[in-house]
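The values are calculated or read from the model by the stated rules, or taken from the named source; none is laboratory data. Note that the coordinates shown come from a computational prediction; the quantities given were computed from them, not determined experimentally. Virtual Cβ from ideal backbone geometry, glycine too; neighbours counted across all protein chains shown.
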Amino acid sequence: MKSILFAAILGLSTVAVAGEKTETIKVSGWHCDKCPGKTEAKVKAVNGVESAHADRAKGELHVKYDDSKAKRADLEKAVADSGFTVAEK
Ligand SMILES: [Cu+2]
């Protein structure tokens, strides 16, 4: 009984976040502490993007966005617009 209830709650929460996606983009070219911030700002400006967090040590950008409003290509374009390069996936 308890597990059925849990499954129902899980099902509901899945519906609530439908369209929400998290993507990790490899970025190359960040050469100082200010660089990742530039990329974050550009990507956050994309319609549908909820958050963007850069991990400079790993050279990764973690983006949470609404899949129905933005596509990965839009995120990659924003990274390029910030002056950096999207590394191979
Ligand atoms: Cu820099």
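Being among the hydrophobic types (A, V, I, L, M, F, W, C) and surrounded by 14 or more Cβ atoms within 10 Å (Cβ to Cβ) narrows it down to one residue among ALA73, ALA52, ALA57; which is it? Among ALA73, ALA52, ALA57, only ALA52 is among the hydrophobic types (A, V, I, L, M, F, W, C) and surrounded by 14 or more Cβ atoms within 10 Å (Cβ to Cβ). Restricted to the range 24-37, and to residues there that are part of a strand (DSSP E or B) and surrounded by fewer than 17 Cβ atoms within 10 Å (Cβ to Cβ), the residue that is nearest to the ligand (Cβ to nearest atom) is SER28.
From the list ASP55, ASP81, ASP66, the lone residue that is away from the ligand (no atom under 16 Å from the Cβ) and modelled with pLDDT of 95 or more is ASP66. Taking residues in the range 50-79 that are in contact (Cβ under 8 Å) with a residue 12 or more places away in the chain, and partners anywhere that are among the aromatic types (Phe, Trp, Tyr) and outside any strand (DSSP E or B), the pairs with Cβ atoms closer than 9 Å and at least 6 places apart or on different chains are ALA54/TRP30; ARG56/TRP30; GLY59/TRP30. Considering only the range 10-42, state which residues are on the phi > 0 side of the Ramachandran plot and modelled with pLDDT under 95. If the condition is that a residue be on the phi > 0 side of the Ramachandran plot and modelled with pLDDT under 95, then GLY19 is the only one that fits.
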